[in-house]
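Below is one structure, written out as structure tokens; the observations come after it.
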Amino acid sequence: MIESPAADAPSSPSAQTDERVTGRAMLRVHADRGVPDEAAAILAEGLVAHVAVVMGGQPYVMPMSYHFDPAQPSCVYLHGGHHSRLMKHLATRAPVCIEVTLVDGLVYSRTALYHSVNYRSVVVFGRAASTPPTQDVQRALLHEMVARYHPGRTAGRDYEAIPDAHLAATSFIAIVIEEWSAKARRGGPAGPRDADPTAPGSAGVIAVR
């Protein structure tokens, strides 16, 4: 098991704490859709993290692969080339915002305004741990990340063991989670005529996942 950089972290977000009461993570629109107890599960299921930073006064948002273990919910590991501008910026422990969304369905309504999307999403605020993962930890993380994206694949059977040269070409940065919030929309359309089967038009949900 990989140890989280807990020494850098404040108390880990948990299902016992309503993260909506924090300033940055507060849900201000549709707060009734808050699902803080699902944050870890959403991160564990997601595939792409949208990573937002400000560099030189200019905001950037970049998609990245990542690793998250719900058994150790204090951090998110971002994976990328260590020579990249983003990874160098994150290594300075600058603040970062990470967003992951799962799309579950496309909602269509008899009223244009009420077309919508069923989704689950998480927004994370944090910064890099003060100590980068060791080479052994990065090797273990890469094995676990491959298994998360490709369940069942095993090093030595489905792909070659990870050589040191490959670890030197990329890196993981542990982002210690300071705050997070999770939000979800579920169910069918909520338009004024959607519950009336005799009304003109059509309404329903197209499952995506």
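The values are calculated or read from the model by the stated rules, or taken from the named source; none is laboratory data. Keep in mind the model is a prediction, meaning the values are calculated, not measured. Here the Cβ is made from the backbone with ideal geometry for all residues, glycine too, and neighbour counts use every protein chain on show.
Summary table
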quantity: Residue selected from region 112-135 under the condition over 27 Å from I162 (Cβ atoms), over 13 Å from the mean Cα position of the chain (by Cα) and among the aliphatic types (A, V, I, L, M), by the criterion surrounded by the most Cβ atoms within 10 Å (Cβ to Cβ); calculated: V117
quantity: Flag for S109 being surrounded by fewer than 20 Cβ atoms within 10 Å (Cβ to Cβ) and out of contact with any Cys (no Cβ under 9 Å at 6 or more places or on another chain); calculated: no
quantity: First in region 94-115 and closer than 25 Å to S181 by Cα, second anywhere and among the polar types (S, T, N, Q) and in a strand (DSSP E or B), Cβ under 7 Å, 6 or more apart; calculated: E99/S121; V100/S121; T101/S121; D104/N118; G105/N118; V107/S116; V107/N118
quantity: Total residues in region 155-177, condition within 22 Å of R127 (Cβ to Cβ) and surrounded by fewer than 18 Cβ atoms within 10 Å (Cβ to Cβ); calculated: 1
quantity: Strands (runs of 3 or more DSSP E) lying entirely in region 45-150 (those with 3 or more residues that are farther than 14 Å from S171 by Cα and in contact with a strand residue (DSSP E or B) (Cβ under 7 Å, 6 or more places away or on another chain)); calculated: 49-55, 58-67, 96-108, 116-128
quantity: Which listed residue is of a type in the set (A, V, I, L, M), out of contact with any Pro (no Cβ under 9 Å at 6 or more places or on another chain) and at pLDDT 95 or above, from A94, A155; calculated: A94
quantity: Hits in region 171-182 (condition: acidic (D, E), under 22 Å from P132 (Cβ atoms) and under 13 Å from the mean Cα position of the chain (by Cα)); calculated: none
quantity: Matching residues in region 53-67 - criterion: being of a type in the set (S, T, Y) and surrounded by 14 or more Cβ atoms within 10 Å (Cβ to Cβ); calculated: S65, Y66
quantity: Tally, over region 183-209, of residues that are within 24 Å of the chain's Cα centre (by Cα) and either surrounded by 12 or more Cβ atoms within 10 Å (Cβ to Cβ) or aromatic (F, W, Y) (or both); calculated: 5
quantity: Residue count for region 163-176, restricted to those that are touching a helix residue (DSSP H, G or I) at 6+ places or on another chain (Cβ under 9 Å) and either in contact (Cβ under 8 Å) with a residue 40 or more places away in the chain or within 24 Å of T101 (Cα to Cα) (or both); calculated: 7
quantity: Selection count, region 25-37, where residues are at pLDDT below 80 and over 19 Å from P73 (Cα atoms); calculated: 3
quantity: Residue tally, condition touching a residue at least 60 places away in the same chain (Cβ under 8 Å) and surrounded by 18 or more Cβ atoms within 10 Å (Cβ to Cβ), over region 69-90; calculated: 11
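Every residue, every condition in (1) in a helix (DSSP H, G or I); (2) over 26 Å from A91 (Cα atoms); (3) out of contact with any Leu (no Cβ under 9 Å at 6 or more places or on another chain); (4) of a type in the set (K, R), yes or no:
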| residue | (1), (2), (3), (4) |
| --- | --- |
| L167 | yes, no, no, no |
| V176 | no, no, yes, no |
| S181 | no, no, no, no |
| G188 | no, yes, yes, no |
| R193 | no, yes, yes, yes |
| D196 | no, yes, yes, no |
| S202 | no, yes, yes, no |
| I206 | no, yes, no, no |
